[in-house]
1. Over segment 237-389, average the accessible area per residue using a 1.4 Å probe and give it in Å², no decimals.
2. Provide the descending list of Cα extents for segment 164-288 along its principal axes, expressed in whole angstroms.
3. Rounded, prolate or oblate, given the Cα gyration tensor of segment 709-811, with a/c below 1.5 counting as rounded?
4. Determine the dipole magnitude for segment 1-144: charges of +1 sit on the beta-carbon of Lys and Arg, -1 on that of Asp and Glu, nothing else is charged, the reference point is the Cα centre, and the result goes in debye to the nearest 20.
5. When the dipole is taken about the Cα centre of the chain, and only Lys, Arg (+1) and Asp, Glu (-1) are charged at their Cβ, what size is it in debye, to the nearest 20?
6. If I ignore ligands, DNA and RNA and count only protein heavy atoms, how much of Asp411 is accessible to a 1.4 Å probe, in Å² to the nearest 10?
7. Within a Cβ distance under 12 Å of Val452, other residues only, what is the Lys/Arg minus Asp/Glu net charge?
8. Can you give the Kirkwood hydrodynamic radius of segment 378-423 from its Cα pairs, in Å with one decimal?
Amino acid sequence: MAEWSLVYEDFDPEQQGLREALTTLGNGYFCSRGAFPWSGPDDVNYPGTYLAGGYNRLATEIAGRDIWNEDLVNMPNPTGLTFRVAGGEWFGLDKVTLSAFRQELDMKRGLLTIALTCKDADGREMDVGVRKFVDMANPHLACVEVSVTPKGWSGEIEVRSDLDGRVTNWGVKRYRELNSKHLEPLGATTFVGEHNGEEMIHLAAQTNQSRLLIGQAARTRLYQDGERLNVAARAVSEDGYVAQHFTVSVEAGRTLQVRKLAAFYNAKDIAISEPDIAAQEAIDRADTFVNLLEAHYAAWERLWDRFDIVVEGDERVQMILRLHIFHMLQTLSPNTVDLDVGVPARGWHGEAYRGHIFWDEIYILPYLTARMPQIAEAMIRYRHNRLRPARLAAQESGLKGAMFPWQAGSDGREESQVMHLNPRSGRWIPDHTFIQRHVSLAIAWNCWQHFVVSGDHIFLEHRGAEVILEVARFFASLAFKNDEGRYEIHGVMGPDEFHEAYPDAGEDEHGLNNNAYTNVMVAWLVSTAVEALNTLDATHRRELRDKLHISDDELALWEDMSRRMKVPFHNGDIISQFEGYEKLEEIDWDHFRQKYGNIQRLDRILEAEGDTANRYKVSKQADALMLFYLFSKAGLARLFDRLGYELTDEMWNRNLEYYSARTSNGSTLSYLVHSWVMARTRPEEAWSNYLVALKSDIDDVQGGTTKEGIHLGLMVGTVDLVQRCFTGLTIEDGVVGFDPMLPSALTLLKLRMRFQGNWLDVALDHQQLAITVSETWSRAVDVSVKGARHSLEPGGTYAFQLASPGTMAVQ
C-alpha cells in the first residue's frame with residue numbers, strides 16, 4: 001500500500017504545520033486539517049476547519065487607512081476530542097515521552113490514522129490511536145475515534161468532546177496584524193435527540209459581516225474493547241463553547257474507544273430549514289461510526305475508479321500523484337456540484353491567499369472535465385453567476401463586456417489586496433496585481449475547452465457562450481488600433497507578476513503595454529467567440545445576440561482583431577514578454593544566488609534592497625511561455641500565421657531557452673509549465689523540472705508556504721501533465737489525438753478519460769499505445785496516433801506500435 005499512503009514515522013514539531021496541510025481531510029463541502037484531535041492552535045498545531053465558500057469581510061487600519069479583506073473563515077473545529085488521566089493534564093505530545101509514533105494518510109480510503117506509544121510525567125505508559133475521516137458519502141459529517149490502552153496500570157480517564165466557536169483566523173503569520181475575529185456565537189448547549197434519546201451538544205454561530213449562519217452538532221459514544229459503555233456526561237458551556245466530559249475506569253491491556261460524530265451545516269445548504277436544526281437532526285439520526293466508515297470507503301472507491309492514474313517505474317512518483325488527486329477530490333468532489341463555489345488556489349486547506357479564487361482552474365479543469373465534467377461545469381457556473389459584477393467592473397472602468405477579478409471570493413467583486421507585506425523588509429507595499437486582466441482570458445479558455453471535451457451543447461447555450469462573448473467584448477473595448485493597423489492593449493500585467501510597471505513610470509502609472517501572452521490569447525479569444533456563436537443552433541444564436549445586443553459591426557471587429565493583434569518581438573525572433581522588455585537590464589544571477597541562496601522571490605529581495613524587479617529581465621514564472629503550455633506547437637503556429645507572424649521550431653526552442661534562463665521560479669507553477677514545454681526537445685531537463693513541481697508541496701520547497709494551504713493548481717497540474725503531455729493528448733475537430741512522449745523514468749502509464757460523454761481507457765508504454773473504446777459509444781470514435789488517423793469501433797481494444805503508428809491491431 002506504499003503507493004496509496006503518506007506515512008510519517010516520527011513526530012516533528014517543526015514539520016507539524018506542513019503535515020497538517022498534507023493530511024487534511026475533506027469532501028468538497030468542508031475540510032479539516034490533519035491536526036491531532038487533542039490539539040489547539042499554538043506555535044506547533046493549527047486545527048483549522050474550512051467551509052467551501054465560507055467567507056467574511058473585515059477592515060483593518062494599516063498605515064493610517066482602512067484596508068478591507070475578505071477571508072476564508074476558520075470555522076469551529078467539529079472534531080476536537082481529548083482525554084486525561086483523572087486529576088492530570090489534558091493529553092498532548094509536549095507532555096509525554098514518545099517511544100513509538102506512526103501517522104498514515106490512507107488515500108485510497110480517505111482515512112487518517114495515528115498510532116503512538118508514550119509515557120506521561122508519572123511514568124504511566126499507554127498506546128494511543130486515532131482514526132479520522134470527513135465523510136465523502138455524507139458531506140455534512142465528520143468522524144473521529146481516539147483509543148487509549150493502558151499498559152501496566154489501571155485508573156480513571158476523563159474524556160472531553162467539544163465544539164468551540166471562539167476560534168479566530170491565526171494560520172498565516174503575516175496576516176496576524178489583520179482583524180481576524182470572524183465569528184459571533186449564537187448559542188452552545190446540550191440537547192437530547194428525539195430519535196436516539198441521547199444527550200448531545202450543538203453550537204450555532206454566524207460570521208459577523210456576511211451573516212452566514214452555521215450549525216454544528218456532535219454525538220460522543222464510549223466503548224471498551226468494542227462494547228458500548230453507558231457513561232453519563234457532564235456538560236460545560238459558555239459563550240461560543242460547549243463540551244461534554246465523561247469519566248470512565250480503564251484497565252491495563254483493555255482499550256477504551258471514544259467515537260465522536262459531528263454534523264456541520266450552513267444557511268446556504270439546500271433542502272434545510274435552518275443550519276443548527278439541520279445539524280441536530282442529522283447527528284440524532286446518524287448511523288454508527290463503523291457503518292459510516294464503510295459507506296465512506298465505498299464512496300472513495302467509486303471516485304478512484306474514475307480518477308486514478310497508474311504509473312510504473314517510480315513508486316514515489318505514483319504516491320505523490322495520488323496525493324495530488326486526493327487533495328483535489330477533497331476540495332472539488334461530487335459534493336461540490338450544487339454549491340456556489342469556485343476553485344480556491346490553496347484548496348480549503350488553510351488561510352493562505354485568504355481562500356481566494358485566482359486563475360488556477362486553467363490548470364485544474366482539464367483533468368476534471370475528462371473524468372467528471374459536472375464538477376468542472378459547476379466551477380464555470382461560479383464564474384457565470386458572477387457575470388453581473390464582472391460587467392459592472394468593466395463599466396466602472398469605462399469598458400464593455402465582463403471584466404472578472406484577479407482575486408474572487410463570495411460575490412464576484414475584486415478581492416485583491418491593495419497593500420501586501422514583504423516579509424523580508426517588513427514593509428507594506430502597494431499591490432497592483434489586480435491588473436492581471438488575463439484571468440478573464442483563462443475563464444473564457446476554460447469555457448471553450450469544457451465544450452470541446454464534453455461536447456455539451458446545453459452548457460454552451462446556457463453558460464459557456466455568454467461568458468466567452470462578454471469577455472471578448474471586454475478585450476475588444478480595451479484594445480485600440482494603432483497607425484500600422486495593429487491592435488494594442490496597454491496597462492495590463494501578464495502571468496509573470498514581477499513586473500507591474502515600467503522602470504521610469506510615475507507613482508500612479510501602472511501596467512505594461514502589449515503583453516504578448518495577453519495579446520495572443522485575445523486573438524484566440526475573439527476568433528473563438530465567433531466560432532462559439534456559430535456553433536449554436538439558429539434559435540440560440542439569435543436569442544443570445546439579441547440578449548447581448550451583438551451587432552454585425554461588433555463581429556466584424558472581432559474578426560479583424562483575430563488577424564491584427566500586435567505581438568512584440570526583440571532580438572529577431574524572441575517574443576517580447578511585453579513591449580519594451582528588451583530595454584530592461586540583465587540581472588546578476590550569480591551575485592544574488594551567492595548572497596541569498598534561494599532567490600525564487602527576487603521581487604522581495606530587490607524591494608528589501610531598495611530596488612525593484614521592474615528594472616530587470618527577470619520573471620517570477622512563465623509568461624510568454626504560457627502560450628507554449630496552452631497551445632500545441634502546430635496550433636500556436638496556426639494562430640501566429642493568422643496574425644501574420646511566423647513561428648518556427650527554431651523560434652520555439654530559442655524562446656524556451658531565453659525565458660527559462662530568466663525565470664526565478666518564484667511560483668512553483670513555473671516548473672510545471674517549463675516541464676511541459678521542454679518535454680519533446682529537452683526530455684531530461686523536462687523530467688527534472690517535473691519532479692521539482694511534483695514534490696513542491698510534499699517537500700515544501702518554498703520553505704514554509706505549504707503549511708498555510710496546499711497549492712491546488714500545481715498539484716492538479718502535475719496530474720494533468722501526465723494525462724495530456726506524456727500521452728500527447730489533443731482534441732481538435734472532434735479527433736482525439738495521441739503523440740506520446742513517456743519519460744524514460746516511467747515504464748507504463750494507464751488512465752481513463754471521458755470524451756463527449758463516453759469512456760476511453762488508455763495504456764501506454766515505450767513501445768505501444770492501447771486504447772479501449774467503451775461499448776457505450778453509439779458511433780466509432782476518430783483518433784489520431786502520431787499523425788495517423790483511425791476510426792475505432794465501440795467495445796474494442798486497439799493497439800498501436802509507436803514505431804509504426806499507421807498499423808493498428810485489434811485485441
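The values are calculated or read from the model by the stated rules, or taken from the named source; none is laboratory data. Small disclaimer: the values here were computed from a predicted structure and weren't measured. Quick reminder, even Gly has a Cβ in these numbers, built from the backbone with ideal geometry, and neighbours come from all protein chains shown. SASA here: full protein model, heavy atoms, side chains in, ligands and nucleic acids out. Shrake-Rupley method; radii C 1.70, N 1.55, O 1.52, S 1.80 Å.
1. 32 Å²
2. 49, 37, 22
3. oblate
4. 460 debye
5. With Lys and Arg at +1 and Asp and Glu at -1, about 600 debye.
6. Rounded to the nearest 10, the figure is 60 Å².
7. So the surrounding residues net to -4.
8. Values: mean 1/r = 0.0876 Å⁻¹.
Final number for the Kirkwood radius of segment 378-423 is 11.4 Å.
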